[in-house]
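Structure, as structure tokens:
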Amino acid sequence: MPDLSTNYLGLQLKNPIIVGSSGLTDSVEKIKNLEDMGVAAVVLKSLFEEEIIMEMEETIHTMTNQNFVFPETMDYMETVVKDDLLLKYLELIADAKKAVKIPIIASINCVSSQKWTYFAKEIEKAGADALELNLFFLPSDNLRGEKEIMETTFDIISKVKGKIHIPVALKISAFQSNLIRYVQHIDEAGVEGIVLFNRSWLPDIDVNQLVVSSGFVLSSPSDLGNTLRWVSMVSGRVNCDVVASTGIHDGAGLIKQLLAGAHACQIVSTLYINESSQIRKMTDELSKWMEVHEFNTIEEFRGRLSQANSGNPAAWERVQFMKHFRNFI
Ligand SMILES: Cc1cc2nc3c(=O)[nH]c(=O)nc-3n(C[C@H](O)[C@H](O)[C@H](O)COP(=O)(O)O)c2cc1C
């Protein structure tokens, strides 16, 4: 049997499948079931920066009658987290750690480095194996250009890394100008992992009601290509680990991402569509494929088709547009 283990954020994973942050990981029972179904790690559903700040401000206001929160007050609050939502999150980490053997990665959705970063320490104390920061900058703010986004990103990383010792991964959106530069900047700031990509909410229009409605929440296998392109291009250009997320629905998607250079893959939509038995199907498919191609370990083929290693870097670039679109008549 081939060895499916891989290393991500310094954590030894029994296979490259991680369940991504979502409602699939919001209780100990669900996490236990995912472990039983063969998953190697989970990322907990995200807490939002606003939730942390709001709850802390309420607590501080009750305790001190102040409306303004001084940074030193936040440091003091480290020892007195009282809010229900935050406590429940810390309890989920601690209880999950007791109930399962797989790594538990906590998650915070953030847009700034303001006030909330003290909570990273609480997450570490609760026993999380790592912290994933989901950075959400939709580039529609004309006051916040590339420079400001880079600065904010750097600030978030340095504040969080200054408070904790567990590994930190950044989950980013595909909508950034010059992604390679942005990712290299993140890497230089010292994170241990990068997750490509987060999935934005997609709007739609209801033509009967003439209102804005919600597009599909779940991804489809056709979303794989964008992630594959950037995993391939980023892999080998950064020191941190690279995780693929978005559009991985089956064993073939998993194998492609590993060939492009991913250390591991996060899956969500396929589990909503196909249920948790999909995890075993995907690891079985990977195992069989490795046998056929006579690979004993993932490291023997991981990144073989990344842009840096494929021997044909142009295969991932503009020339393909000319080749495949021009002849389409
Ligand atoms: C129902 C649902 C809830 C999600 N909740 C979160 C969340 O709380 N935090 C987060 O970082 N990503 C969240 N995501 C994004 C997923 O973690 C993942 O990045 C995205 O769905 C792409 O992976 P997929 O193609 O396998 O679905 C959510 C996705 C779905 C479908």
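W230: within 25 Å of I180 (Cα to Cα), aromatic (F, W, Y) and free of Cβ contacts under 8 Å to residues at least 60 places away in the same chain, yes or no? Considered against the rule, which asks whether it is within 25 Å of I180 (Cα to Cα), aromatic (F, W, Y) and free of Cβ contacts under 8 Å to residues at least 60 places away in the same chain, W230 comes out as yes. Considering segment 1-18, and only residues there that are of a type outside the set (D, E) and assigned to a strand (DSSP E or B), the residue that is surrounded by the most Cβ atoms within 10 Å (Cβ to Cβ) turns out to be I18. A Cβ distance below 8 Å, combined with a sequence gap of six or more or placement on separate chains, defines the contacts here; from segment 249-270, residues that are among the acidic types (D, E) reach residues that are within 14 Å of the ligand (Cβ to nearest atom) in the pairs D250/P221; D250/T270; D250/Q278; D250/M282. When restricted to residues that are on the phi < 0 side of the Ramachandran plot, surrounded by 23 or more Cβ atoms within 10 Å (Cβ to Cβ) and among the β-branched types (V, I, T), segment 233-267 contains 5. For beta carbons closer than 6 Å, sequence separation of 6+ or different chains, a first residue in segment 20-33 that is more than 8 Å from the ligand (Cβ to nearest atom) and a second that is acidic (D, E), the qualifying pairs are V28/D95. Tally time: how many residues in segment 258-285 are part of a helix (DSSP H, G or I), of a type in the set (A, V, I, L, M, F, W, C) and within 16 Å of the ligand (Cβ to nearest atom)? Here the count works out to 6.
Being open to solvent by 70 Å² or more (accessible area, probe 1.4 Å) and either among the hydrophobic types (A, V, I, L, M, F, W, C) or more than 21 Å from L90 (Cα to Cα) (or both) is the filter here, so list the residues in segment 107-140 that pass it. Spell out the reasoning first.
Filtering segment 107-140 for residues open to solvent by 70 Å² or more (accessible area, probe 1.4 Å) gives 114-115, 125, 136, 138-140.
Listed by number, the residues that qualify are F136, L138, P139, S140.
Within segment 172-225, the residues that satisfy the criterion of being in a loop (DSSP other than H, G, I, E, B) and away from the ligand (no atom under 16 Å from the Cβ) are S177, N178, A189, G190, E192, V207, N208, Q209, L210.
The values are calculated or read from the model by the stated rules, or taken from the named source; none is laboratory data. The structure presented is a predicted model; accordingly, all values stated were derived computationally and were not measured. Reconstructed Cβ throughout: ideal geometry from the backbone, glycine too, with neighbour counts over all protein chains shown. With ligands, DNA and RNA removed, areas are computed over all heavy atoms of the protein, side chains included. Shrake-Rupley method; radii C 1.70, N 1.55, O 1.52, S 1.80 Å.
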